[in-house]
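Below is one structure, written out as structure tokens; comments come after it.
Every number in this text was worked out from the coordinates using simple rules, so none of it is lab data. Source: prediction; values computed, not measured. Here the Cβ is made from the backbone with ideal geometry for all residues, glycine too, and neighbour counts use every protein chain on show.
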Amino acid sequence: MSSPRDARSPAVSSETDALALPAGYTRTAVALHWLIALLITCGFSLGAYMVDLHISPRKVRFYAYHKWIGITVLALVLIRSVWRLTHKPPPEEPMPRWQLRAAHLTHYLLYALLIATPLCGWLDTSAAGIPVVYLKLWQLPDLVHKNRDLAKVLAEIHGFLAWTLLWVVLLHTAAAFKHHFIDHDSTLRRMLAWRRS
Ligand code: HEM
């Protein structure tokens, strides 16, 4: 004898299955993605602009804003990483295997750079002996002892990581546009609309 469950029509069955699948990212994942994108755009532009300014109160202020933005990025990326590990992303769009691999590699690289770049900036400013006072409210701990030679090396590495991050972000953006405007799939759309969670 068939149970009511077995008696589901194929239409009802497929509708239920479709509802069970995540259609997009959670609203937290989408909000974090765009907030981090906005902050790294501002943080990068400010960083590239401020370094060549002559020493002045304005330069000192810009350095402080740059550090606050970078620390915020670091905190948000750590939250985003935990969210990503605990919430299943929507199923992949059908695409050639090499594209899927390239996308995964780019995503891992983005996470690594988004953690390493601000961490290196924080190490740099600690080695320079200038503590970070986040939002003028909280003094963050120094990550290393003052060491001017080390600060110079860390500043170089921080700059290198930031510029590498720029290129990886540009590649990631170009791939999203290719999916949207050439392949006409929902890769970009699903990072714009969110499902409930
Ligand atoms: C994702 C986050 C961050 C990005 C994208 C970023 C980007 C940049 C860029 C593009 C520069 C200019 C590099 C150059 O052209 O020489 C720079 C410089 C700098 N950043 Fe960051 N930064 C970030 C986070 C941080 C954090 C968290 C701190 C400190 C708490 C920091 C401290 C500095 C300092 C001190 C400099 C000047 C280095 C020097 O003396 O040459 N940055 N950053």
So A75 clears everything in (1) within 20 Å of C120 (Cβ to Cβ); (2) outside any helix (DSSP H, G or I) except one condition, right? Which one?
-> (2)
Taking the range 84-106 as the region of interest, how many residues are in a helix (DSSP H, G or I) and under 25 Å from A174 (Cα atoms)?
-> 11
Selection from the range 131-140 of residues without any contact (Cβ under 8 Å) to a residue 24 or more places away in the chain and either near the ligand (Cβ under 8 Å from one of its atoms) or of a type in the set (F, W, Y) (or both) yields W138
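Residues checked against (1) touching a residue at least 12 places away in the same chain (Cβ under 8 Å); (2) assigned to a helix (DSSP H, G or I); (3) within 11 Å of the ligand (Cβ to nearest atom):
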site: Y108; (1), (2), (3): no, yes, no
site: A116; (1), (2), (3): yes, yes, yes
site: L119; (1), (2), (3): yes, yes, yes
site: W122; (1), (2), (3): yes, yes, yes
site: D142; (1), (2), (3): yes, no, yes
site: K152; (1), (2), (3): no, yes, yes
site: F160; (1), (2), (3): no, yes, yes
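Which residues, taken from the range 61-76, are within 11 Å of the ligand (Cβ to nearest atom) and of a type outside the set (F, W, Y)?
The first filter runs over the range 61-76 and keeps only residues within 11 Å of the ligand (Cβ to nearest atom), leaving 62-76.
Matches in the range 61-76: A64, H66, K67, I69, G70, I71, T72, V73, L74, A75, L76.
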